[in-house]
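Following: one structure in structure tokens, then a few remarks.
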Amino acid sequence: MFFYKFTTKFQRLENLITQTIIIAMAVRQLEKGEMIPYDLLLLADPDRKLLEQYLINSWIFVLEQIETIMGVCVLQNIDNQIVEIKNIAIDENYQNKGFGKFLLENTFEIAKTKGFEKIRIGTANSSIGQIYLYQKMGFDMKEIRKNFFVENYENSIFEHNLQAKHMIVFEKNL
Ligand code: COA
């Protein structure tokens, strides 16, 4: 069980009261038979066909708070040492509040517990925020898969008025 600390400040007449609310949050593996949060997974990967393919051989983890699924992370092993984050997403209502970082940190711990030494994640050349976030979280650029999104996705993807063409693969030692 992990805890996320929210600090909210309320201005009262003459006092500034700092109230700390502790909300229980957990990252747990989705069990067989549970609903797969496709709405979240599709935020990170708009191609349902590709998504279905890699889910078959992956572990699905969810970030949950009082029975509300706020985020998802999909892990797949490349070999005995390296694991890949195939998909990571935070519900749009909860983005930009630090939950992505929280989910990534917990994913590193899960991967270490499973015995992996390195973790990888791929993102598009157009995913500016994600490129920043992954480097901030200790990932380093490993390779560029030229035209990955052009060759593997049926529909063109655009972000920030840029076409998603190439996949940048990041890697981090655990
Ligand atoms: N643009 C700019 N900066 C961004 C960003 C974006 N799109 N997303 C995250 N960041 C930055 C934040 O500003 C923050 O920086 P700071 O620590 O310097 O303040 C840092 O990254 C962590 O942000 P956080 O609030 O933890 O991110 P998040 O909860 O929004 O989760 C994603 C990040 C990418 C998982 C989330 O935005 C998401 O689900 N996006 C849609 C799906 C997706 O693109 N998945 C990844 C596919 S590769």
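The values are calculated or read from the model by the stated rules, or taken from the named source; none is laboratory data. Keep in mind it's a predicted model, so treat the numbers as computed, not measured. Please note: Cβ atoms are built from the backbone with ideal geometry, for glycine as well, and neighbour counts cover all protein chains shown.
The figures follow:
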| read-out | value |
| --- | --- |
| Every residue from segment 28-52 that is assigned to a helix (DSSP H, G or I) and surrounded by 12 or more Cβ atoms within 10 Å (Cβ to Cβ) | Tyr38, Asp39, Leu40, Leu41, Leu42, Leu43, Ala44, Leu50, Leu51, Glu52 |
| Residue within segment 121-136 that is farther than 19 Å from Ile157 by Cβ, at pLDDT 95 or above and within 11 Å of the ligand (Cβ to nearest atom) present | yes |
| Residues (buried (at least 16 other Cβ atoms within 10 Å of the Cβ) and either more than 11 Å from the chain's Cα centre (by Cα) or within 26 Å of Phe148 (Cβ to Cβ) (or both)) located in segment 95-107 | Gly100, Leu103, Leu104, Thr107 |
| Those residues of segment 71-83 which are over 11 Å from the mean Cα position of the chain (by Cα) and either touching a residue at least 12 places away in the same chain (Cβ under 8 Å) or within 11 Å of the ligand (Cβ to nearest atom) (or both), in sequence order | Gln76, Asn77, Ile78, Asn80, Gln81, Ile82, Val83 |
| Residue match in segment 54-70 (condition: farther than 18 Å from Lys32 by Cα, surrounded by 18 or more Cβ atoms within 10 Å (Cβ to Cβ) and within 16 Å of the ligand (Cβ to nearest atom)) | yes |
| Single unsatisfied condition, Ile110 versus (1) loosely packed, with under 14 Cβ neighbours inside 10 Å; (2) more than 14 Å from the ligand (Cβ to nearest atom); (3) among the β-branched types (Val, Ile, Thr) | (1) |
